[in-house]
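Here is the structure we will look at, set down as structure tokens.
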Amino acid sequence: MSQPHDITAGRLPARRIEENFADLHPPLTAHQAAVEAARCLFCHDAPCTEVCPTGIDIPGFIRKIATGNTRGAAITILNENIMGGTCANVCPVEELCEQVCVRHTAEEQPVQIGRLQRYATDHLFALGVQPFSRQPDSGRKIAVVGAGPASLSCAHRLALHGHRVTVFEAREKAGGLNEYGLAAYKMLEERAAREVEFILGVGGITLQNNTPLGRDVTLAELRRDFDAVFLGLGHNEVNRLGLAGEDALGAHSAVDFIARIRQEDLTTLPVGRRVVVIGGGNTAIDIAVQIRKLGAEHVTLVYRRGASDMGATHHEQRLAQTSGVHIMTWARPCRVETDAAGVTAVTFEYTRLGPDGRLTGSGEHFTIEADQVFKAIGQKFSDTALHPPALHPHDLAADDLPAIENGRFRVDAERRTSLPGVWAGGDCVPGRDLTVVAVQDGKLAAESIHRELTAGPAAS
Ligand SMILES: Cc1cc2nc3c(=O)[nH]c(=O)nc-3n(C[C@H](O)[C@H](O)[C@H](O)COP(=O)(O)OP(=O)(O)OC[C@H]3O[C@@H](n4cnc5c(N)ncnc54)[C@H](O)[C@@H]3O)c2cc1C
Ligand code: SF4
């Protein structure tokens, strides 16, 4: 039996850790890509394109691969989704394009669209060419806040239209969760940084890192100094369990720890022998899988409802199970047990649905010993950055704030907020929290801003 607080760095030799974090799916070879592309039926009204949030012409790019025009295939992808390289690796294709692929319906073996997309975009990045060029300078200036997928997509599209864009990012590096959140084994080889560089390579975009809205700039200033503002703030707060002991040594926010996995030397991270993960979304799965890959011996993920209610896809759940994560459902945490040195265990109560359909505790409890606990019960958007510090009390009146509904900015179909001249997109607006959805939001907002800035005077 292990000692309490069995937390150590380098639980596995460096070489094993490196192997564990290798590519989840190896890239296709040229021959494999040609064979896979040949399976596409090039459907008219292709269902795969219909369900792609960014509307990539999927049969169009696959046909180009099939005819040896891999560079053209990449451009077809990037025309609709400038982060097509990242999305090729992180999109839940099994419930989007590949799920509706007619090959899937007929043969239960869809065309591997994600892997073909990666094949094409990797090819273009390896060539090191910049296929996009800007329209002549429009003389218009747009402020984009945040440098995640929503904002970078918006900035790129605006730059293509000839506008000058300044991106204000709070953190040290650009990329948002592409840089700090997505699982390390999906984002190898500095992929996020390479994509940021590619996007900025079109020109016309100035990136100001370490410049948070709410500290270094205010929304009022941006509205005064720029022709339009786009807010791509993502989720900036994590939900708390609301239990004593959740801040004890050994208890971590999963999102914060994942950022460390992405930024630090993997052999130096503290890893418990027995780990409990609380939550059922992709963040919970990602931390559970990655802490296993770092050498944790027993990883138990506990979710308060059934497997089919989990936010994580079946594919991700399967990945966790095959990585050795034990998934328990229908239990909720009621105590994080601690001693003077930190976390020792988590006590749970079994749950079930009551007659009214609401989740209720069964009154039966069990305890799982743990050296480390990861809280992954969701992130949320907080609009505190829009409320300037006491330094600028004059800057915002209540009607200078974009309306918030159910904790996110209220936006219309063009991603316009209620505040004139201010658009928003990505995780801070309603919709699925996926990279590809954020990219589409940024694109739609950019087109809307462009239309508004270039519209002639209304005919009388
Ligand atoms: C652990 C984890 C794993 C995920 N895995 C997947 C996956 O496998 N596939 C998938 O499709 N999606 C995944 N997602 C979701 C996906 O990462 C998000 O939906 C996407 O990043 C949202 O993009 P965004 O631009 O809205 O926000 P973000 O990526 O969060 O970017 C927001 C940016 O705004 C900056 N910012 C915030 N506040 C301020 C401020 N006041 N001033 C200036 N800048 C500010 C932030 O620093 C950040 O750079 C995952 C999310 C998490 C947390
Ligand atoms: S649905 Fe499948 S077969 Fe049809 S175009 Fe899309 S990828 Fe090709």
### Query
Counting DSSP beta bridges with both partners in the chain, what percentage is antiparallel, nearest 5?
40
## Note on the structure
So, with points 7 Å from each Cα along the Cβ direction, the residue 94-residue 318 label distance in nm works out to 0.4
### Task
Could you work out, for the stretch 30-127, what percent of all Cα-Cα pairs fall into each 10 Å distance bin, beginning at 0 Å and stopping at the bin that holds the largest distance?
18, 57, 24, 1
### Query
Given a Förster radius of 30 Å and the C-beta distance between residue 221 and residue 130 as r, what FRET efficiency does 1/(1 + (r/R0)^6) yield to the nearest 0.05?
0.40
### Summary
For 348, 125, the accessible-area ranking with a 1.4 Å probe, largest leading, is 125, 348
### Task
Quote the charge dipole size of the chain about the Cα centre in Debye, to the nearest 20; the model charges only the Cβ of Lys and Arg (+1) and of Asp and Glu (-1).
520
### Taking the C-alpha atoms of the chain, convex hull volume expressed per residue in Å³
189
## Note on the structure
Note on the stretch 30-127: contact order normalised by length, alpha-carbon pairs under 8 Å, 6 or more apart, percent, works out to 32
### Query
Taking a ≥ b ≥ c as the square roots of the eigenvalues of the Cα gyration tensor of the stretch 88-228, is the shape rounded (a/c under 1.5), prolate (a/b larger than b/c) or oblate?
prolate
### Summary
Summing +1 per Lys or Arg and -1 per Asp or Glu among the other residues with Cβ less than 13 Å from residue 18's Cβ gives -1
### Task
Enter the accessible area per residue of the chain (Å², integer; probe 1.4 Å; all protein chains in place).
44
### Query
In whole percent, how big is the carbon plus sulfur part of the accessible area of the stretch 238-378, probe 1.4 Å, protein atoms only?
47
### Message
Treating only the Cα positions of the stretch 238-378 as identical point scatterers, give the base-10 log of I(q)/I(0) from the Debye formula at each q in 0.16, 0.17 Å⁻¹.
### Response
-0.78, -0.89
### Query
Going by the alpha-carbon gyration tensor, a ≥ b ≥ c the square roots of its eigenvalues, is the stretch 299-351 rounded (a/c under 1.5) or, if a/c is not under 1.5, prolate (a/b greater than b/c) versus oblate?
oblate
### Mean separation of Cα contacts under 8 Å, 6 or more apart, over the residue count of the stretch 238-378: relative contact order %
33
### Summary
Lys and Arg at +1, Asp and Glu at -1: neighbours of residue 239 with Cβ under 9 Å from its Cβ sum to +2
### Query
Remind me, relative contact order of the chain in percent, using alpha carbon pairs under 8 angstrom and six or more residues apart?
19
#### Entry: Environment charge at residue 313 (Cβ cut-off 14 Å; Lys +1, Arg +1, Asp -1, Glu -1)
-4
### Query
Within the stretch 416-433, what residues put their amide N at less than 12 Å from the label point 7 Å along the Cα-to-Cβ vector of residue 455?
421
### Query
So in the stretch 238-378, what percent of DSSP beta bridges are antiparallel if you round to the nearest 5?
50
### List 12, 219, ordered by accessible area with a 1.4 Å probe, largest first
12, 219
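The values are calculated or read from the model by the stated rules, or taken from the named source; none is laboratory data. Quantities reported herein were computed from a predicted structural model and do not represent experimental measurements. Glycine also receives a Cβ, built like all others from the backbone with ideal geometry; neighbour counts cover every protein chain displayed. Heads up: the accessible areas ignore ligands, DNA and RNA and are worked out on the full protein's heavy atoms, side chains in. Shrake-Rupley method; radii C 1.70, N 1.55, O 1.52, S 1.80 Å.
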